[in-house]
1. Testing residue 240 on (1) of a type in the set (S, T, N, Q); (2) outside any helix (DSSP H, G or I); (3) under 30 Å from residue 136 (Cβ atoms), one condition comes back false. Which one is that?
2. Taking into account only those residues within region 279-312 that are touching an Asp or Glu at 6+ places or on another chain (Cβ under 9 Å) and of a type in the set (Val, Ile, Thr), which is farthest from residue 338 (Cα to Cα)?
3. If I ask for residues that are assigned to a helix (DSSP H, G or I), open to solvent by 10 Å² or more (accessible area, probe 1.4 Å) and touching a helix residue (DSSP H, G or I) at 6+ places or on another chain (Cβ under 9 Å), which ones from region 199-234 would you list?
4. Got a number for residues in region 243-268 being under 20 Å from residue 24 (Cβ atoms) and outside any helix (DSSP H, G or I)?
5. Closer than 30 Å to residue 241 by Cα, touching a His at 6+ places or on another chain (Cβ under 8 Å), of a type outside the set (A, V, I, L, M, F, W, C) and open to solvent by 40 Å² or more (accessible area, probe 1.4 Å) - does that describe any residue in region 52-75?
6. Please work out if residue 352 is free of Cβ contacts under 8 Å to residues at least 40 places away in the same chain, at negative phi and buried (at least 21 other Cβ atoms within 10 Å of the Cβ).
7. Considering only residues that are without any contact (Cβ under 8 Å) to a residue 40 or more places away in the chain, open to solvent by less than 90 Å² (accessible area, probe 1.4 Å) and out of contact with any strand residue (DSSP E or B) (no Cβ under 7 Å at 6 or more places or on another chain), which ones fall in region 355-384?
8. Is one or more of the residues making up region 236-253 within 23 Å of the chain's Cα centre (by Cα), at pLDDT below 95 and under 24 Å from residue 317 (Cα atoms)?
Amino acid sequence: MVRNQRTKIDSNPFVFARPLEPDELVDREAELALLAERREAAVNTRLASPRDYGKTSLLHRAVADARRAGSGAVLVDLYGVRTAGQMAAQIERAYEALPAGPLRKAHAALRKRGARLGVQTPVAGASLSIGAGEAGERALLDALDLPLYLHERTSQQVLVAFDEFQAVLQAQLDALIRSVIQHHGRGVTYVFSGSHPGMMLSLFADRRRPFYGQAAPLQLGRLPQEALASYVTERFADTNRDIGEALGWLLDLVDGHPQRAMLFAHLLWRHTPVGGVSGEEVWTAAYTEAWDYLQGDFEATWDALSRIEAGVVEATAAGVRGLTGKAAREIYGLPAGSAAPDAAKRLVQEGLLSKLEGEKGGLTLVDPVFARWVLAGRRWGLLD
């Protein structure tokens, strides 16, 4: 992990509401090494993780690493994309952000010529009717061929990382995309990243879909406790603060959840004075303030659950393993039969629950802070 030496004493070093800068990533060394290995071997990757597990931060770092290694790399954000034209425009925006170098020069030359390949956007002096049927599809076909064009002109390998790739399933664009990129050969490598486990599974594990078997899997899990502890402790020390005994409380609460770790570290830092130590009073203040950030999300998530889904969530938060057993029925009101397991399967696909490794049928809530709130009867307060 590369430390950011520019951190100022009066600047909160913990970022929780946007992706981290490449040199601020917490651990993920094994995942980055695997992505680099696959890039060099021209093996495409499908990266899946629940929401707020840091996949976008990981992609930013993977792109930076690829550029440092001499490859070209772009990150295409597909969040909110609904049409072929919109996807084409997002791809073009990614290439316009290329750093100075051979790829940027080749891309600029292509735009200056007004070549048929690629998308002509308002930035390039022309108009594009976003989502306009065949025109949008033609624009997307051209945009998808940009990395191959740049590879052929510069001999540089190109990495293309698509974030929120599940959007192509909703827009029914996967067949169109596959029809182009399957011909790109070893010069272009792809990372397809998504935050909806069920939709990503449908794209890559359903034999009926065009992307079936087209990328090697990579699943992001929670952060290791030791790496997270070092990250937080170092940044407190760098800004003349001591996290003290609050570190243990933080690690116990967030249980390796990346975004929740950064949120609570941010609030702890905020309530710890320069030269001070994060003790019980600071922890209580930070924990209390956290509800301002979490209340809307938690309550909306709970309100969207059906009666059976709510029972599954309560049972899972309490550590109940058998959703059709006596405890699940009598304590949490879950029915006999397949209704509760079916509900659990839906919640796994939506990213609210995840399967426990090495435990058949075992489930856990993706967000351990949400789990604690549910376990406390949906009340916010410090637990004994």
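The values are calculated or read from the model by the stated rules, or taken from the named source; none is laboratory data. No experiment lies behind these values; they were computed from the predicted model shown. Heads up, the Cβs are rebuilt from the backbone with ideal geometry, glycines too, and the neighbour counts pull from every protein chain shown. Quick note on the areas: whole protein, heavy atoms, side chains included, nothing else; ligands and nucleic acids left out. Shrake-Rupley method; radii C 1.70, N 1.55, O 1.52, S 1.80 Å.
1. That leaves (3) as the condition not met.
2. 301
3. Correct list: 199, 201, 202, 225, 227, 229, 233.
4. The qualifying residues number 3.
5. Yes, region 52-75 has at least one match.
6. No, not satisfied.
7. 359, 376, 377, 381, 383
8. no
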